[in-house]
Amino acid sequence: MKRFGILTIGVVMTALLAACGQEDDVPTEAALPEPIEVELTVPETAEVMEPVTLTTLVTQGEEKVEDATEVEYEIWQEGKKEDSIHIDTSNDKGGLYSATTTFENDGVYHVQVHVTAREMHVMPEKKIQIGEVVVGDDAEGHESHEATDGHHDHGSTEGLSIHFVQPEEAKADTGTELMTHVQLEGKALENTKVRYEITDPVNGIQWVETEETKPGEYTGNHSFAEVGTYKVTIHIENDTIHEHEEHTVEVK
């Protein structure tokens, strides 16, 4: 009987030790993926109507990222962010994405690339000078005038980048996801209050609160009352920043 009891205790102890060993093998935290790195190449200067090639190299660690979901250039003249244009890129393989464009007028232009890859979003920005540029009091006054006109001056907070993801299909009386990526000095701007102000011709001004679904990614949901064009103003606020940027959404 004693032998049986000792044997039973031995079996139980062996099972417990085996279970502890298995628990030790289970990782306590899932390994975080390496961040994607984006290298934007833009010429410092060019002439009016001269073809300009913009290139972007996307990597993750030692790997060249060839399966980016989105690589798109946004270009605007200094002080005229509201008139920005978007240019699609070609996938040149080896992690390289490129586009060629021309500039119709002299001036300083911002070139920002929006890269979405492997559930991460990065949007570095550079400047290019086109032709002859005169910098003086008139140019500074022009920028200040735009800011007081109610237009968002994208450069009022140095290094702030805002990317509003246009809904692919916004339909009336259906929940529509509104998403914005915000970065400061090339890094995700976290723990910030981001709200959407929607000008609704039926219900007046409506506010949509957001949730930070990923670092620097703010998402909300809104049901537009009817078909039409809506003004959507993004408000970004924290202890040091109070910015807004206007967009339009076509609802079908």
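The values are calculated or read from the model by the stated rules, or taken from the named source; none is laboratory data. These numbers were taken from a predicted model, which means no experiment stands behind them. Note: ideal-geometry Cβ built from the backbone for every residue, glycine included; neighbour counts use all protein chains shown. For accessibility, only protein heavy atoms count, side chains too; no ligands or nucleic acids. Shrake-Rupley method; radii C 1.70, N 1.55, O 1.52, S 1.80 Å.
Around the Cα centre of the stretch 77-134, unit charges on the Cβ atoms of Lys, Arg, Asp and Glu (plus for the first two, minus for the last two) sum to a dipole of about 280 debye. Measuring from centroid to centroid over Cα atoms, what is the spacing of the stretch 31-101 and the stretch 214-252 in Å? Between the Cα centre of the stretch 31-101 and that of the stretch 214-252, the gap is 24 Å. Placing +1 on each Lys and Arg Cβ and -1 on each Asp and Glu Cβ, with no other charges, gives the stretch 208-252 a dipole about its Cα centre of roughly 260 debye.
The charge dipole of the stretch 161-236, taken about its Cα centre with unit charges on the Cβ atoms of Lys, Arg (+1), Asp and Glu (-1) only, comes to about 200 debye. To put it simply, the accessible area of the stretch 72-118 at a 1.4 Å probe is 44 percent carbon and sulfur.
Pairs 231/252; 81/127; 126/193; 187/214; 81/171: which exceed 19 Å Cα-Cα? Among 231/252; 81/127; 126/193; 187/214; 81/171, the Cα-Cα distance tops 19 Å for 126/193; 81/171. Note on residue 93: lysines with a C-alpha under 17 Å away, same-chain residues under 8 apart excluded, are 64.
With all protein chains kept in place, the per residue accessible area of the stretch 164-218 amounts to 57 square angstrom at a probe of 1.4 angstrom.
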